[in-house]
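Peer 1: Here it is: the structure, laid out below.
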Amino acid sequence: LVARTDRIGDVVLSTPLPREIKKKYPDSYVAVLVKNYTKDIYLSNPNVDEIITYDNPDRTEKEFWELVSEIKKHKFSHAFMLLPNERLNYVLFAAGIKYRVGVGHKLYQFLTFSKYVDRKKYIPLRHEADYCLDMVRKIGVNVNEIHPEIFLSDDERSEALELKEKFKRNQKFLIGIHSTCGNSSPNLSVKAYRDLILLLTKNENFQVFVTDFNPPDEIQNLPRVEYIFNGESLRKDIVRFSILDLFISSSTGPMHICAALKVPTLSVFCPLTACSVKLWGP
């Protein structure tokens, strides 16, 4: 069981784990535990046998035991908890999973006999996906690739191809611009994004898309700009991201989605260690 119950970018960076586990243990049964709104990242993933969702880790005792029961029936032998979470740690312990790995040195991990991986203050500094893979290295998995992956179904690939052909009039280059972020790192101003959009739309060979689900007022209803990313569902937007020739943003979840779809990205980063491109880059 691979548990990553946080945000979009973090979940995308957990996708190498099932792949690398399956390479080493092709007959293994691999499930992921994620929030309901991030489960779309793992749909159609050939390395994942089951997706379990967990939205309310701290709400009620009843939900605690319901999740324990759900996990217990799978009879997992191993669990990897990529985000420190005390409540989830006790869920995995109560579910009877013998080999559990968490991040860092927490008292609750010690009390439940969990194993751990240590980031040692990010020295040496590596990519977040590589740090996550330290967990499976503990069970003998020799990691060859750390890149994340998102898979589309055959129907979704056909849908994306139709969409791409619709916008590829006169051999246009499709550019997505995402101006907002989850505030985990600094970003450009909305004005800077607006100026960039207006500059790009002057070139008739470019088709610009604003990919924010709720774009700021300053970049809404701009001429020659398409607004097809409406947040209807994360999965539908994943299909739409896949048609782009270039994606421009700060360090944010959609950047990781595009990188996992092999869409070229141009990303703005901050030099602080916690926001470093070496740690969080596409």
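The values are calculated or read from the model by the stated rules, or taken from the named source; none is laboratory data. Predicted model only: the values in this text are computed from it and were never measured. Positions of Cβ are generated from backbone atoms using ideal geometry, with glycine treated the same way; all protein chains shown enter the neighbour counts. Ligands, DNA and RNA are excluded from the accessible area calculation, which covers all protein heavy atoms including side chains. Shrake-Rupley method; radii C 1.70, N 1.55, O 1.52, S 1.80 Å.
Peer 1: If you average the alpha carbon positions of the range 68-86 and of the range 125-161, how far apart do those two centres end up, in angstrom?
Peer 2: 20
Peer 1: Whole Å is fine, so just give me how far the alpha carbon centre of the range 182-232 lies from that of the range 235-282.
Peer 2: 15
Peer 1: What do you get for the angle between helix 190-200 and the principal long axis of the chain? Use alpha-carbon atoms, 0 to 90 degrees, nearest ten.
Peer 2: The helix 190-200 is inclined about 50 degrees to the chain.
Peer 1: Starting from the amide H of Ala79, placed 1.01 Å from N in the peptide plane, find each other amide H under 5 Å away whose residue is 5 or more places distant or on another chain.
Peer 2: Long-range HN contacts for Ala79: Tyr99, Arg100, Val101.
Peer 1: Here's a follow-up. With the Cα gyration tensor of the range 1-82 giving a ≥ b ≥ c as the square roots of its eigenvalues, does the rule (a/c under 1.5 for rounded; else a/b larger than b/c for prolate; else oblate) give rounded, prolate or oblate? Before the final figure, lay out each step's value.
Peer 2: Values: a/c = 2.20, a/b = 1.34, b/c = 1.64.
Here the range 1-82 falls in the oblate category.
Peer 1: Each residue of the range 272-282 in turn: what ³J(HN,Hα) in whole Hz from Karplus with 6.51, -1.76, 1.60 and θ = phi - 60°, glycine and Pro shown as x?
Peer 2: Result, ordered by residue: 4, 4, 5, 10, 4, 5, 5, 8, 10, x, x Hz.
Peer 1: Let me ask you something else. With +1 on each Lys and Arg Cβ and -1 on each Asp and Glu Cβ, how big is the dipole of the chain about its Cα centre, in debye rounded to the nearest 20?
Peer 2: Values: 39 positive and 35 negative charges, 175 e Å.
It comes to approximately 840 debye.
Peer 1: Let me ask something else about it. Roll a 1.4 Å probe over the protein heavy atoms and report the accessible area of His256 in Å², nearest 10.
Peer 2: The accessible area comes out at roughly 10 Å².
Peer 1: Tell me the carbon and sulfur percent of the accessible area for the range 1-104, rounded to whole percent, probe radius 1.4 Å.
Peer 2: Values: 2290 of 4550 Å².
Carbon with sulfur: 50 percent of the solvent-accessible area.
Peer 1: Can you run phi through the Karplus equation (6.51, -1.76, 1.60; θ = phi - 60°) for the range 30-36 and list ³J(HN,Hα) in whole Hz, with x for Gly and Pro?
Peer 2: 3J(HN,Hα) across the range 30-36, in whole Hz: 10, 10, 10, 10, 9, 6, 4.
Peer 1: Return one whole number: the accessible area per residue of the range 146-250 in Å², for a 1.4 Å probe.
Peer 2: 52
Peer 1: Please work out whether the range 130-282 counts as rounded, prolate or oblate from its C-alpha gyration tensor, where a ≥ b ≥ c are the square roots of the eigenvalues and a/c under 1.5 means rounded, while otherwise a/b larger than b/c means prolate and anything else oblate?
Peer 2: Values: a/c = 2.26, a/b = 1.37, b/c = 1.65.
Note, shape of the range 130-282 comes out oblate.
Peer 1: Could you calculate the FRET efficiency of Lys115 with Lys236 from 1/(1 + (r/R0)^6), where r is the beta carbon distance between them and R0 is 30 Å, rounded to 0.05?
Peer 2: On the way: r = 39 Å, r/R0 = 1.30.
Working from the Cβ atoms, E equals 0.15.
Peer 1: What value does the range 156-224 have for Rg/Rh, both radii from Cα atoms and Rh as Kirkwood defines it? Mind showing how you got there, number by number?
Peer 2: Numbers: Rg = 13.6 Å, Rh = 13.4 Å.
Using only Cα positions, Rg/Rh for the range 156-224 is 1.01.
Peer 1: Further question: Which of the lysines could a cross-linker bridge to Lys168, judged by Cα under 25 Å and excluding same-chain residues fewer than eight apart?
Peer 2: Lys202, Lys236, Lys262
Peer 1: Heads up, I need the accessible area for Cys181: 1.4 angstrom probe, whole protein in place, Å², nearest 10.
Peer 2: 30
Peer 1: Residues with amide H under 5 Å of Ile248's amide H, sequence separation 5 or more or different chain, H placed in the peptide plane at 1.01 Å from N; which?
Peer 2: For Ile248, whose amide H was placed from the backbone, the distant partners under 5 Å are Gly176, Ile177, His178, Leu266.
Peer 1: Whole-Hz ³J(HN,Hα) for each residue in the range 120-137, computed from phi via Karplus 6.51 cos²θ - 1.76 cosθ + 1.60 with θ = phi - 60°, x for glycine and proline: what do you get?
Peer 2: Once rounded to whole Hz, the list reads 6, 6, 6, 10, x, 6, 10, 6, 4, 4, 5, 4, 4, 5, 4, 5, 7, 4.
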